[in-house]
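Colleague: Questions regarding the structure given below will be posed in turn.
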Amino acid sequence: MTTLTHIDDTGAARMVDVSAKPDTQRRAVAEGRIAMSADAAAAIRDGAVAKGDVLAVARVAGIMAAKRTGDLIPLCHPLPIASVAIDLAPDDAGVTATASVTTTGKTGVEMEAMTAVSVALLTIYDMTKAVDKAMVIGGVRLIEKTGGKSGDWRAP
């Protein structure tokens, strides 16, 4: 049977002790998408959203979210983030967000990358909801990760 890493012998939640692990370079890439009406997509593309530059604000929100992941996800280690890059690719039916996060540390940045994507997409929703309240956020997933004991991984 697999031992649960975030549960102690009494069944209580705990943060995993990573103090004995060596620092390694780590990188994670995540993606997600917000689907929307053609009118909302055009408003974003044309800079016609009343709240301002949707993609610029969403990019900053994603970066900020990656840096605050340890405050948002219980039992997630706060990490010294070395870099965060957010790519937002608008098209006629929505926006695809991709986040790449790097660090040198004892644990990976998968949660930081997925949090960055999620908050960037939520920001797009918030700024554009006056145009389209039926937008749908989905497909948030890890695309790849490098470094650490488990090695490199890429989504099939």
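Colleague: Just the number, please: carbon plus sulfur as a percent of the accessible area of the stretch 9-156, 1.4 Å probe, no ligands or DNA/RNA counted.
Modeller: Working: 4510 of 7870 Å².
It is 57 percent, rounded to a whole number.
Colleague: While we're looking at this one, here's another question. In a shell of Cβ-Cβ distance under 10 Å around Asp87, excluding Asp87 itself, what net charge do Lys and Arg (+1) and Asp and Glu (-1) give? Numbers along the way, then the final one.
Modeller: Details: positive: Arg59; negative: Glu31.
So the environment of Asp87 carries a net charge of 0.
Colleague: For the stretch 78-156, what is the accessible area per residue in Å², given a 1.4 Å probe and the full set of protein chains? Could you put the intermediate results ahead of the total?
Modeller: Values: 3820 Å² over 79 residues.
With the other protein chains kept in place, the stretch 78-156 gives 48 Å² per residue.
Colleague: If you take semi-axes √(5λ) of the Cα gyration tensor in Å from the coordinates, which of [x] 23, 18, 16; [y] 39, 17, 14; [z] 33, 16, 14 do you get?
Modeller: Computed from these coordinates, semi-axes √(5λ) of the Cα gyration tensor in Å corresponds to label [z].
The values are calculated or read from the model by the stated rules, or taken from the named source; none is laboratory data. Note that this is a predicted model, so its numbers are computed, not measured. As a convention, Cβ positions derive from the backbone with ideal geometry for all residues, glycine included, and neighbour counts pool all protein chains shown. Quick note on the areas: whole protein, heavy atoms, side chains included, nothing else; ligands and nucleic acids left out. Shrake-Rupley method; radii C 1.70, N 1.55, O 1.52, S 1.80 Å.
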